[in-house]
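The values are calculated or read from the model by the stated rules, or taken from the named source; none is laboratory data. For clarity, every value in this text was computed on a predicted model and none was experimentally measured. Backbone-built Cβ (ideal geometry, glycine too); neighbour counts: all protein chains shown. Heads up: the accessible areas ignore ligands, DNA and RNA and are worked out on the full protein's heavy atoms, side chains in. Shrake-Rupley method; radii C 1.70, N 1.55, O 1.52, S 1.80 Å.
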Amino acid sequence: MIDLLGPLFLLLMVVCALAALNAKDLLSAVTIFGAFSFFSAVYFVVQDAPDVAFTEAAVGAVITTVFFVCAIQRTSEDDQ
Amino acid sequence: MIRRLTVLLLAPALVVLLQAAADLPEVGDSTAPAFAHVAPYYLAHAHEETGAANYVTAVLADYRGYDTFGELTVIFTAGLACLLILGVCDKATPGRDGA
Amino acid sequence: MSLLAPGQLQYALAALLMLTGLYGMLAKTNLARKLMAMNVMQVAVIVFFIALAVRSGGSPPIEIEHAATQIEPAYANPLPHALMLTAIVVSVSTTGVALALLVRVHRRFRTLDESKLLDRLRE
Amino acid sequence: MRSTFGSPVLDAAARLLAPFMWLFAAYVVIHGHESPGGGFQAGVIVAASIILLRLVRGRLAASVLTSRDALTLACLGPLLYGGIGIASFFFGGNFLDYGVFPFPMEPSEVRAMGTLGIEIGVAVGVAGVLVLIFDALARWEDGTL
């Protein structure tokens with residue numbers, strides 16, 4: 001049962017990555033990318049790596065998303 | 001058209017990566033080479049040598065402290081690069097620098 | 001030619017994740033989306049290393065007092081964890097630099113689309 | 001200073017959350033020897049709290065930590081790390097050899113103290129750099145640092 005959790009979350013990560021890359025809106029793509037980071041953090045917890053999971057949850061799901069949102073907000077002002 | 005072609009190029013890459021994955025030891029195999037050399041030493045001696053029950057901290061900050069120092073330097077350089085690229089410190093051209 | 005065993009499913013999925021990132025880098029035209037795909041590739045590499053470190057029936061690499069149970073716990077390999085910890089933090093700072101470059105490119109050329117960017121570079 | 005930030009909900013959330021985030025960061029870096037955590041995580045948490053204040057308050061949040069302060073912190077982190085590394089030269093050790101510090105403790109405890117010192121350096125450096133990158137990316141229009 002536990003052996004299936006790792007591949008399950010990896011599969012969810014692949015789905016999230018494809019959804020983020022194919023989303024219409026750039027902002028929703030960033031949101032789905034945050035979900036991708038969170039699934040990777042859960043995967044690291046399942047694989048006995050709590051340190052890496054902690055860092056990934058703090059960095060990938062918070063800081064990277066905020067950076068992306070800031071950059072997209074600055075680059076989408078008058079994109080013709 | 002070109003996009004279809006690039007996606008087509010991914011198929012051989014997938015075959016190569018799967019072939020490489022088939023040669024790796026199975027996930028969770030305790031006899032894998034990754035557990036043979038330095039990891040048992042860390043697990044056996046880290047607590048009495050460094051006083052840290054968390055082995056990751058012991059490896060990160062003590063056994064491989066020099067690595068972490070270089071890594072902190074990389075982060076610091078990235079921060080400085082951000083400042084320089086966006087020209088935050090330019091007093092001559094405040095706000096809009098046109099480039 | 002050896003076939004993929006069930007225990008190697010995670011490596012195969014990590015390879016699939018890697019190729020998802022590669023597909024995004026190749027096929028997407030928006031530079032911000034390309035950067036997202038690059039991050040996906042980084043996470044794929046991290047996933048691969050973490051999958052190398054895991055031990056079946058093991059525990060996280062934090063020492064526990066095993067006075068109650070006399071079984072020696074099988075800790076995961078702490079070395080890939082430490083290396084990937086630094087890799088994650090480096091990846092966020094490189095993402096910051098890449099986003100700064102993106103903002104700069106947009107300020108100069110008023111677009112982030114690859115084909116439009118090439119057109120404006122030729123002008 | 002009782003100025004309101006955005007809406008009352010955001011205001012209360014940011015005000016209440018920030019001190020606890022700093023407390024949690026201190027716990028993470030000090031207790032990093034026994035539990036998951038360490039310098040990187042603590043630095044990221046501190047940076048997240050400051051970025052939260054900036055997102056909610058706008059430019060008023062510069063009173064918490066200006067960009068120049070963040071630059072100072074970002075320089076201070078590697079300096080603290082390298083300083084501890086070089087300080088072990090003076091007691092006859094190698095670079096980053098914390099075992100030689102003359103603290104009245106067990107040898108492993110002395111090493112743990114040295115590790116704690118460089119973890120604090122890492123936390124300070126990472127927090128400063130991340131706040132700096134955020135400020136550079138979300139810069140106010142008049143270009144002040």
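Answer yes if at least one residue in segment A:44-52 is touching a residue at least 12 places away in the same chain (Cβ under 8 Å), surrounded by 24 or more Cβ atoms within 10 Å (Cβ to Cβ) and more than 30 Å from C:Lys116 (Cβ to Cβ), and no otherwise. There is at least one residue in segment A:44-52 that is touching a residue at least 12 places away in the same chain (Cβ under 8 Å), surrounded by 24 or more Cβ atoms within 10 Å (Cβ to Cβ) and more than 30 Å from C:Lys116 (Cβ to Cβ).
Listed by first and then second residue, the pairs with beta-carbon distance under 7 Å, at least 6 apart or on different chains, first residue in segment B:11-35 and farther than 13 Å from C:Leu13 by Cα and facing another protein chain (nearest Cβ under 7 Å), second open to solvent by 60 Å² or more (accessible area, probe 1.4 Å) and not aliphatic (A, V, I, L, M), are B:Gly28/C:Ser56. Here D:Leu76, D:Leu53 are screened, and the one residue that is part of a helix (DSSP H, G or I) and open to solvent by 30 Å² or more (accessible area, probe 1.4 Å) is D:Leu76.
Screening B:Ala78 on (1) out of contact with any Gly (no Cβ under 8 Å at 6 or more places or on another chain); (2) free of Cβ contacts under 8 Å to residues at least 12 places away in the same chain; (3) small (Gly, Ala, Ser); (4) closer than 22 Å to D:Phe40 by Cα shows it passes everything except condition (1). Inspect segment D:90-99 for any residue being surrounded by 22 or more Cβ atoms within 10 Å (Cβ to Cβ), at pLDDT below 90, of a type in the set (A, V, I, L, M, F, W, C) and touching a helix residue (DSSP H, G or I) at 6+ places or on another chain (Cβ under 6 Å) and give the result as yes or no. Yes. Considering C:Ala98, C:Ala87, C:Ala82, the condition of being touching a residue at least 60 places away in the same chain (Cβ under 8 Å) and either part of a helix (DSSP H, G or I) or under 16 Å from B:Arg64 (Cα atoms) (or both) is satisfied by C:Ala98 alone.
Quick check on segment D:80-88. Is at least one of its residues surrounded by 15 or more Cβ atoms within 10 Å (Cβ to Cβ), out of contact with any helix residue (DSSP H, G or I) (no Cβ under 8 Å at 6 or more places or on another chain) and within 14 Å of chain B (Cβ to nearest Cβ)? Checked segment D:80-88: at least one residue is surrounded by 15 or more Cβ atoms within 10 Å (Cβ to Cβ), out of contact with any helix residue (DSSP H, G or I) (no Cβ under 8 Å at 6 or more places or on another chain) and within 14 Å of chain B (Cβ to nearest Cβ). Among the residues of segment B:28-53, count how many are assigned to a loop (DSSP other than H, G, I, E, B) and of a type outside the set (Gly, Ala, Ser). Result for segment B:28-53: 4. Looking for something at the interface with chain B (Cβ under 7 Å from one of its Cβ atoms), out of contact with any Asp or Glu (no Cβ under 8 Å at 6 or more places or on another chain) and buried (at least 20 other Cβ atoms within 10 Å of the Cβ) - is there at least one such residue anywhere in segment C:30-44? Checked against the condition, which is being at the interface with chain B (Cβ under 7 Å from one of its Cβ atoms), out of contact with any Asp or Glu (no Cβ under 8 Å at 6 or more places or on another chain) and buried (at least 20 other Cβ atoms within 10 Å of the Cβ), segment C:30-44 yields no hits at all. Only one entry of D:Asp69, D:Asp135 meets the criterion of being within 9 Å of chain B (Cβ to nearest Cβ), within 17 Å of the chain's Cα centre (by Cα), in a helix (DSSP H, G or I) and over 22 Å from B:Phe69 (Cβ atoms), and that entry is D:Asp135. Look at (1) crowded, with 23+ Cβ neighbours inside 10 Å; (2) in contact with a Cys (Cβ under 9 Å, 6 or more places away or on another chain) and you find that C:Val97 fails only one, number (1). Every test in (1) open to solvent by 60 Å² or more (accessible area, probe 1.4 Å); (2) under 19 Å from D:Ala42 (Cα atoms); (3) facing another protein chain (nearest Cβ under 7 Å) is passed by D:Ile120 save one, and that test is (3).
You will find that of D:Gly38, D:Gly114, the residue that is surrounded by 22 or more Cβ atoms within 10 Å (Cβ to Cβ) and facing chain B (nearest Cβ under 7 Å) is D:Gly38 and no other. One residue stands out in segment A:1-50 among those that are part of a loop (DSSP other than H, G, I, E, B) and over 27 Å from A:Ala71 (Cα atoms): the one that is farthest from the other protein chains (Cβ to nearest Cβ), namely A:Met1. Across segment C:53-64, a minimum of one residue is classified as at positive phi and open to solvent by 30 Å² or more (accessible area, probe 1.4 Å). Against the list (1) under 24 Å from the mean Cα position of the chain (by Cα); (2) of a type in the set (Ser, Thr, Tyr); (3) open to solvent by less than 10 Å² (accessible area, probe 1.4 Å), the condition C:Thr86 fails is (3). Give the residue that is nearest to the chain's Cα centre (by Cα), with candidates limited to residues of segment A:1-53 that are farther than 30 Å from A:Thr75 by Cα and of a type in the set (Val, Ile, Thr). Going through the qualifying residues, I end up with A:Val42.
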